[in-house]
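Below: one structure, written as structure tokens.
The values are calculated or read from the model by the stated rules, or taken from the named source; none is laboratory data. As the structure is a prediction and not an experimental result, all values here were calculated from the model. For neighbour counting, all protein chains shown are included, and Cβ atoms are generated from backbone atoms with ideal geometry for every residue, glycine included.
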Amino acid sequence: MKDSFGREISYLRISVTDRCNLNCVYCGKEDCAKKATELSPAAYYTIAKAFASCGINKVRITGGEPLVRADVVETVRLLRTIPELKTLALTTNGVYLAQYAAALKEAGLDSVNISLDSTDGSTYRHLTGADVLDKVMAGIAAAEAAGLAPVKINAVLMKGVNSQGAAALIELTKERPIDVRFIELMPFSEQGENAALRVTGDEVLRQFPFLKPVAGEEGTARYYAGEGFAGRVGLISPVSHKFCAQCNRMRLLCDGKLKPCLGDDAVYDILPYLEDEAALVEQIKTIILKKPAGHRFEENAPAHGLNAIGG
Ligand code: SAM
């Protein structure tokens, strides 16, 4: 269905937990070990089915870190039975992905986005608080082997922190059909609110002039590639190239609240409607119509960290 600004809402992001096994410096204002109410796989199925009847055709499972929940495979299996869902994807930090990639694929997952901000061990440890780069690299290889395609790597560059590693991340796209996407730092933490740390998409292009535009999917990323490279480089620039006018997303937080806009603090509880499918659909439609025109990062930072929202 269309929202009140004429945008076709077709994409639901489900955060299945606010817990995370990493503690990325730019991500949250909350404690990553905190545990809000988490819904069951059956509840996610009920909600996604209601959304599908409102026109949602893509669901992404996120967190916190979704793979801290072993029943995420069951959630994928249930969501896959909803015929309207053309795309079922998951975003992960990759630490547990080697364990889960084959089972997720078998349960019906189409693709994964993996967060990797540096290929250098000590920079990775500094950013995430954990010495697990080897596990993430194994997770990326496992996702490729399982056919969770396309494998996309998400990286947030910060000046003087990990920006010097951008070339090594781009290098990953040379031989492998991987998309490396640079997401601009958003104001979700003390670091995120420090605009001086932000590397814009245009700055990446100036630094790597061999990257030329290539046709890419519609959506939030602009895509580029080096000549003859197997993969692509994506630029996601929510701050310098605001894309709210094309935003097709709704977000479900792990405690059952709907968040129509990443950069707006309003949330709406849909748990009271779970037992009544018709009422749930009506409530979802009402909330979609409350989606604001756009984020206001430039005026005020959101109250919650991304670990609680799911990115
Ligand atoms: N744990 C999973 C992961 O690491 O991908 C899913 C949740 S994480 C919050 C989703 C995405 O949000 C990650 O790619 C992360 O890099 C991004 N992210 C977190 N904080 C951010 C910030 N302040 N600015 C831009 N992106 C951010």
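In table form, for the structure just shown:
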| read-out | value |
| --- | --- |
| Count of residues meeting criterion [farther than 21 Å from Asn23 by Cα, within 15 Å of the ligand (Cβ to nearest atom) and among the hydroxyl-bearing types (Ser, Thr, Tyr)] in segment 152-205 | 1 |
| Residue tally, condition under 17 Å from Arg13 (Cβ atoms), in contact (Cβ under 8 Å) with a residue 24 or more places away in the chain and touching a helix residue (DSSP H, G or I) at 6+ places or on another chain (Cβ under 9 Å), over segment 222-265 | 15 |
| Hits in segment 106-127 (condition: within 25 Å of Thr220 (Cα to Cα) and not aliphatic (A, V, I, L, M)) | Gly108, Asp110, Ser111, Asn113, Ser115, Asp117, Ser118, Thr119 |
| Single residue of segment 102-118 satisfying the filter (away from the ligand (no atom under 15 Å from the Cβ) and in contact (Cβ under 8 Å) with a residue 12 or more places away in the chain) that is nearest to the chain's Cα centre (by Cα) | Asp110 |
| Unique residue being closer than 24 Å to Glu65 by Cβ and either loosely packed, with under 14 Cβ neighbours inside 10 Å or not aliphatic (A, V, I, L, M) (or both) when the list is Arg249, Arg296 | Arg249 |
| Test: Tyr124 is touching a Leu at 6+ places or on another chain (Cβ under 7 Å) and more than 25 Å from Gln191 (Cα to Cα) | no |
| Top-ranked residue in segment 76-89 [being under 17 Å from the mean Cα position of the chain (by Cα) and either polar (S, T, N, Q) or in a helix (DSSP H, G or I) (or both); ranked as surrounded by the most Cβ atoms within 10 Å (Cβ to Cβ)] | Val76 |
| Pairs where the first residue, in segment 22-35, is closer than 10 Å to Gln191 by Cα and modelled with pLDDT of 70 or more and the second is within 7 Å of the ligand (Cβ to nearest atom) and of a type in the set (Val, Ile, Thr), C-beta under 8 Å, 6+ apart | Tyr26/Val156 |
| Gly256 vs. criteria within 12 Å of the ligand (Cβ to nearest atom), under 19 Å from the mean Cα position of the chain (by Cα) and on the phi > 0 side of the Ramachandran plot | no |
